[in-house]
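Written out below as structure tokens is the structure these notes cover.
The values are calculated or read from the model by the stated rules, or taken from the named source; none is laboratory data. Since we're looking at a predicted model, the values are computed, not measured. Because the Cβ atoms are built from the backbone with ideal geometry, glycine has one as well, and the counts that use them run over all protein chains shown. Side chains are part of the model used for accessible areas, which takes the heavy atoms of the whole protein and leaves out ligands, DNA and RNA. Shrake-Rupley method; radii C 1.70, N 1.55, O 1.52, S 1.80 Å.
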Amino acid sequence: MTGHTYEICLALGVLSPMIGFWLLVFGGRVLGKPGAGWFALVTGMGVPLVLATYVLLCWLRVDDATRAALTENAARFHWATIGGVSIDIGIKLDSLTIAMFFMVTFIAFWIFFFSIGYMSGHSDEVDGKRKYWRFFAYLSLFAFSMLGLVVSSNLLFLFIFWELVGLCSYLLIGFYFHEPTPQYAQIKAFVTNRVGDFGFLIGMMLVFFHLKTLDLDQAAVVFGEQYAAGSGIFASGFTMFGWSLATILGIGLFCGAMGKSAQFPLHVWLPDAMAGPTPVSALIHAATMVAAGVYLVARVFRLMTPEALMFVAAIGCITLTLMALIALVQVDIKKCLAYSTLSQLGYMIFGMGCGAWVAALFHLVTHAFFKAMLFLGSGQVIEGCHHVQDMRRMGGLRKKMPVTCWTFFIGVLAISGAGIAGVKVGGAGIGLGGFFSKDEILAVAYVRSHEWTSYERVEEGHGGGHGSDEHASAVKVGASRVILASDPAHGDSGHGSTAHGASAHGGSHATGKAAIFENTPPLPKWMFYLALATAYITPFYMMRAWWMTFMGKPRDQHVYDHAHETPMMYIPLAVLAGGTAFASYFVFRDLFAHAAPDATDAAMVLAIDGTTHTPAMSAAHSYLVYAVGGSFVAGFALAIGIYGRGLDVAEKIKRTAGPLHTLLEKKYFIDELYHLVWIKGCLVVATVARFFDTWVLDLAYNLLGSATERFAVFIGRFVDVHGVDGIVNGISKTSLDVSDVVRSPQTGRIRSYVMFAAMVAAVVILILVFKPEPSHRLLIPSVASLGG
Amino acid sequence: MLTIGLTHYLIVAVVLFCAGLYTMMTKRNAIGILIGVELVLNSATVNLVAFDRYLGGQKLDGQITALFVIVLAAAEAAIAVGICINVYSNLGTVDVDRASRLQG
């Protein structure tokens, strides 16, 4: 491919679902029940998937220099100029975009496919109206928005698509809007996201105001220049909570991610969002949309100060721990997966905060594959069991739905980070998904928390000036890079180091890598230990869910008898299971590692990834790999130990740990707290406002109104009747009187008119004749003179 | 021997004028009034010719104007008779006192 073919393909891929959306909106009724679904599958995701595959394959074949040139020359169209800031519409063409684009289209395609099977078993009537086609129209709109979000090169357009995916999420959570639960859930999701978007807007305004651009790349360059010069946003003396304005910028943007990626304390909407149809949960609330927050952080990584990143890491760490603990006690299969999603999103955000840019995105992709599969599996289970979601009523379903059972098991292995530590086949480690990605996040966290001080900076000799840096491929600021002094070689002791792809990109990007070492503090040790401990919790609750659902003996014979699975629904499961394995090994991590140097170079950001990452991992991995890689064994063993023989053991533990269990089951009472603080608070404020309204404002208005009314009556009775009307009537009466007088000579008798005329003429003549004026005599000669 | 001068012509004109005016003021018959009008016009014609003869120059302005007046009178008479016929067809009479519909 040459020229702008990449952008054109991506743009067509974005527009195709939108066209599909409009056609479905207006013509969905005609297409009918299965037709609309197949139509959406083709236009909404089939076309983008083909294009994405084509783009991905072409992109993989070109070398780094070509890629850099393509990124540099990506088309931009001027859209508007606001306050002197030019806003361009364009496509951010880099490895990250292409990887995300492919990931979204691939997963979404199979979820669309699944949806057709899922919806065929569901009533599609709401309020007596068929809305089967509407479901696919919403899905298409979501596909358009999500793909648009991924390709946006501009923060403003990213925000627009950001809100569009929020809208789609709202519409799809509340798809069954005739029931109360989805209604509340959709409103909760929307409102909670607005809280986060408020922060996003603040961050965006700071970018607009101080960096004078909304383009992602330009903003990062300007940010770095301002840091180096101490000007612009860094010259501001403004602080809040001890954060500088530059930090607030990063935290503000991160607030948007907190809402969308459901990070503590804005996580409350995601579990409730499971009220939507299961394919929606899989697509939007597990695989793609919730990952948009992580994607956003990755995109604005260069605008984050170390303080902001520390905040990001702290939030991610809190989320991943608390949510994993809640997942322990969930009995609803979808809720269990929802909390697991929250925890994994916490891992990603935590990874971003640590600087594990590549690892976090890698985890995003692997998680998207296996979590989409897990959700679809749960959808198959729920569908097969006739809408039973309580795992306590399931059990033994492996015989009834074998494909679902074993694909689900692959998902469980992947999320648990199952793999065989230290063993490699054909240069690649043996493991699934989380075995590489989660492990990498933990390795970086370990380096940041334990071995940080043993790093040493290697000066590149560029000084601090950005003007002297001639490396075109990187942001032109900063001077130093970080490597691990004790292990300069690209070690191979880590189990996933081939997949980590360090060698492919060599030192070409490393030379420009900028880091201000002393500004980046070490990570608090508790964060690492919490993340590590959660890595042990994850396999436990996933295995618990799987065992309760598929293994053991049927606990509800009625449910068991009716359970079944259908090919329309388990084919996507099998494909995604394959995708999980595929995503674990190939392509994606290399692409992210390729995108990392450009995306993470910034004046004050230390990114441990790509080239500089692998050595760091090598040292840590020698023992960490057994601690992390073995976690799934411990988790599985414990889960099977407790749930292996039914629910009796679990009941005993539950009784023993009564208050703790209640705390977890009630989700730390956060919903109740929010209800008390925000909703009740709103009601109190509303009551006070109403009181004020009634007794102060309304009273004043009523008094004013009453006074006005009385004044109007006075005006009407006196001024109007006697004044205004009097004048008008007086004029007309006078006119009548005058006309009576004037018309009296007009008798209608021609003889009297003749007499008047003659008399007037006579009088005039007499006056003229007898007036002793010489001038008149000249005009009318006297009788005497005439006689002469 | 009495020489006929301007004054005599003017006296004739005055007599004609007064007779015409009197006729206009006293007659109720529209045709009578029309005759009065003709008398008044003729008195004016007499004046014009007389003044031209005794006071005018070589150009005969007055006499030409008199010719115009005669033509005008003929036209006026034609219109007036037309009015009379219309009055008659509307009212069944030519009594001008009856034609007082436009009185104030």
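Provide a single number: the residues in the stretch B:21-31 that are assigned to a helix (DSSP H, G or I) and either more than 10 Å from chain A (Cβ to nearest Cβ) or under 16 Å from B:Ala74 (Cα atoms) (or both).
So the answer is 1.
If a residue counts only when it is aromatic (Phe, Trp, Tyr), under 27 Å from the mean Cα position of the chain (by Cα) and over 15 Å from A:Ile98 (Cβ atoms), which helices (runs of 4 or more DSSP H) contained entirely in the stretch A:3-85 have at least 1 such residues? Before the answer, list the steps.
On the way: elements: A:5-39, A:47-61, A:64-72.
Of the helices (runs of 4 or more DSSP H) lying wholly inside the stretch A:3-85, those with at least 1 residues that are aromatic (Phe, Trp, Tyr), under 27 Å from the mean Cα position of the chain (by Cα) and over 15 Å from A:Ile98 (Cβ atoms) span A:5-39.
Checking the conditions here, which among A:Leu24, A:Leu31 is touching a residue at least 60 places away in the same chain (Cβ under 8 Å), more than 24 Å from A:Leu364 (Cβ to Cβ) and open to solvent by less than 50 Å² (accessible area, probe 1.4 Å)? So that I can check it myself, show each step before the final result.
On the way: A:Leu31 fails: open to solvent by less than 50 Å² (accessible area, probe 1.4 Å).
Just a single option satisfies the conditions, and that option is A:Leu24.
So which residues in the stretch B:49-69 are within 14 Å of chain A (Cβ to nearest Cβ) and open to solvent by 50 Å² or more (accessible area, probe 1.4 Å)?
Within the stretch B:49-69, B:Phe51, B:Arg53, B:Tyr54, B:Leu55 meet the criteria.
Which residues, counting only those in the stretch A:522-562, are open to solvent by less than 10 Å² (accessible area, probe 1.4 Å) and small (Gly, Ala, Ser)?
A:Ala531, A:Ala535, A:Ala545
Say we look at the stretch B:88-103 and pick out the residues that are open to solvent by 40 Å² or more (accessible area, probe 1.4 Å) and in contact with a helix residue (DSSP H, G or I) (Cβ under 6 Å, 6 or more places away or on another chain); which of these is farthest from the other protein chains (Cβ to nearest Cβ)? Show your work before the answer.
Narrowing the stretch B:88-103 to residues open to solvent by 40 Å² or more (accessible area, probe 1.4 Å): B:88-92, B:98-99, B:101-103.
If we keep only those that are in contact with a helix residue (DSSP H, G or I) (Cβ under 6 Å, 6 or more places away or on another chain) as well, we get B:98-99.
On the way: B:Arg98: 10, B:Ala99: 8 Å.
Within the stretch B:88-103, the match that is farthest from the other protein chains (Cβ to nearest Cβ) is B:Arg98.
When you look at A:Phe159, is it closer than 29 Å to A:Leu93 by Cβ, modelled with pLDDT of 85 or more and outside any loop (DSSP other than H, G, I, E, B), yes or no? Talk me through it step by step, then tell me what you get.
Working: closer than 29 Å to A:Leu93 by Cβ: yes; modelled with pLDDT of 85 or more: yes; outside any loop (DSSP other than H, G, I, E, B): yes.
Taking the combined requirement at face value, the residue satisfies it.
Of the numbered conditions (1) part of a helix (DSSP H, G or I); (2) over 17 Å from the mean Cα position of the chain (by Cα), A:Gly196 satisfies every one except a single condition; which is it?
The single condition A:Gly196 does not satisfy is (2).
Return the pairs, sorted by first residue and then second, in which the second residue is open to solvent by less than 30 Å² (accessible area, probe 1.4 Å), the first residue lies in the stretch A:200-213 and is of a type in the set (Lys, Arg), the beta carbons are less than 8 Å apart, and the residues are 6+ apart or on different chains.
From the stretch A:200-213, the pairs are A:Lys212/A:Val85.
Which of (1) surrounded by fewer than 20 Cβ atoms within 10 Å (Cβ to Cβ); (2) in a helix (DSSP H, G or I) is the odd one out, the single condition A:Met146 does not satisfy?
Going through (1) surrounded by fewer than 20 Cβ atoms within 10 Å (Cβ to Cβ); (2) in a helix (DSSP H, G or I) one by one, A:Met146 breaks only (1).
When the residues of the stretch A:734-758 are filtered to those that are loosely packed, with under 11 Cβ neighbours inside 10 Å and part of a helix (DSSP H, G or I), which remaining residue is farthest from the other protein chains (Cβ to nearest Cβ)?
The selected residue is A:Thr734.
Any residue in the stretch B:70-85 that is more than 13 Å from chain A (Cβ to nearest Cβ) and either crowded, with 19+ Cβ neighbours inside 10 Å or of a type outside the set (A, V, I, L, M, F, W, C) (or both)?
Yes, the stretch B:70-85 contains at least one residue that is more than 13 Å from chain A (Cβ to nearest Cβ) and either crowded, with 19+ Cβ neighbours inside 10 Å or of a type outside the set (A, V, I, L, M, F, W, C) (or both).
Please indicate, with yes or no, whether at least one residue in the stretch A:182-200 is surrounded by fewer than 24 Cβ atoms within 10 Å (Cβ to Cβ), hydrophobic (A, V, I, L, M, F, W, C) and under 23 Å from A:Ala52 (Cα atoms).
For the stretch A:182-200, residues surrounded by fewer than 24 Cβ atoms within 10 Å (Cβ to Cβ), hydrophobic (A, V, I, L, M, F, W, C) and under 23 Å from A:Ala52 (Cα atoms): absent.
Which of (1) under 30 Å from A:Ser140 (Cα atoms); (2) buried (at least 19 other Cβ atoms within 10 Å of the Cβ) is the odd one out, the single condition A:Gly250 does not satisfy?
So the condition that A:Gly250 fails would be (1).
Quick grid of which residues meet (1) among the β-branched types (Val, Ile, Thr); (2) modelled with pLDDT of 75 or more:
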{"position": "A:Met391", "(1), (2)": "no, yes"}
{"position": "A:Lys399", "(1), (2)": "no, yes"}
{"position": "A:Val403", "(1), (2)": "yes, yes"}
{"position": "A:Phe408", "(1), (2)": "no, yes"}
{"position": "A:Ser416", "(1), (2)": "no, yes"}
{"position": "A:Val423", "(1), (2)": "yes, no"}
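Identify all residues within the stretch A:162-180 that are open to solvent by less than 10 Å² (accessible area, probe 1.4 Å) and in a loop (DSSP other than H, G, I, E, B); write none if there are none. Spell out how you get there, then give the answer.
Our first condition is that a residue be open to solvent by less than 10 Å² (accessible area, probe 1.4 Å); within the stretch A:162-180, this holds for A:162, A:165-166, A:168-169, A:172-175.
Those that are open to solvent by less than 10 Å² (accessible area, probe 1.4 Å) and in a loop (DSSP other than H, G, I, E, B): A:Gly174, A:Phe175.
What is the number of the single condition among (1) in a helix (DSSP H, G or I); (2) open to solvent by 40 Å² or more (accessible area, probe 1.4 Å); (3) within 12 Å of another protein chain (Cβ to nearest Cβ) that B:Val37 does not meet?
Going through the list (1) in a helix (DSSP H, G or I); (2) open to solvent by 40 Å² or more (accessible area, probe 1.4 Å); (3) within 12 Å of another protein chain (Cβ to nearest Cβ), B:Val37 breaks only (2).
Condition first: open to solvent by 10 Å² or more (accessible area, probe 1.4 Å), modelled with pLDDT under 75 and β-branched (Val, Ile, Thr). Now tell me which residues in the stretch A:564-607 satisfy that.
A:Val587
If you go through the stretch A:320-364 one residue at a time, how many are surrounded by 24 or more Cβ atoms within 10 Å (Cβ to Cβ) and part of a loop (DSSP other than H, G, I, E, B)?
Total meeting the criteria: 2.
Across the stretch A:208-240, what is the number of residues that are aromatic (Phe, Trp, Tyr) and over 26 Å from the mean Cα position of the chain (by Cα)?
We begin by selecting, within the stretch A:208-240, every residue aromatic (Phe, Trp, Tyr); these are A:208-209, A:223, A:227, A:234, A:238.
Then keep just the ones that are over 26 Å from the mean Cα position of the chain (by Cα); that gives A:227, A:234, A:238.
Residues in the stretch A:208-240 being aromatic (Phe, Trp, Tyr) and over 26 Å from the mean Cα position of the chain (by Cα): 3 in total.
Looking at (1) more than 21 Å from A:Arg751 (Cβ to Cβ); (2) touching a Cys at 6+ places or on another chain (Cβ under 7 Å); (3) among the aliphatic types (A, V, I, L, M), which one does B:Ala30 not meet, given that it meets all the others?
B:Ala30 satisfies all of (1) more than 21 Å from A:Arg751 (Cβ to Cβ); (2) touching a Cys at 6+ places or on another chain (Cβ under 7 Å); (3) among the aliphatic types (A, V, I, L, M) except (1).
So is A:Gly395 open to solvent by less than 10 Å² (accessible area, probe 1.4 Å) and not in a helix (DSSP H, G or I) or not?
Yes, satisfied.
List every residue pair whose Cβ atoms lie under 6 Å apart, where the two residues are 6 or more positions apart in sequence or sit on different chains, the first residue falls within the stretch A:401-419 and is free of Cβ contacts under 8 Å to residues at least 40 places away in the same chain, and the second residue, located anywhere, is surrounded by fewer than 24 Cβ atoms within 10 Å (Cβ to Cβ).
Final answer for the pair search is none.
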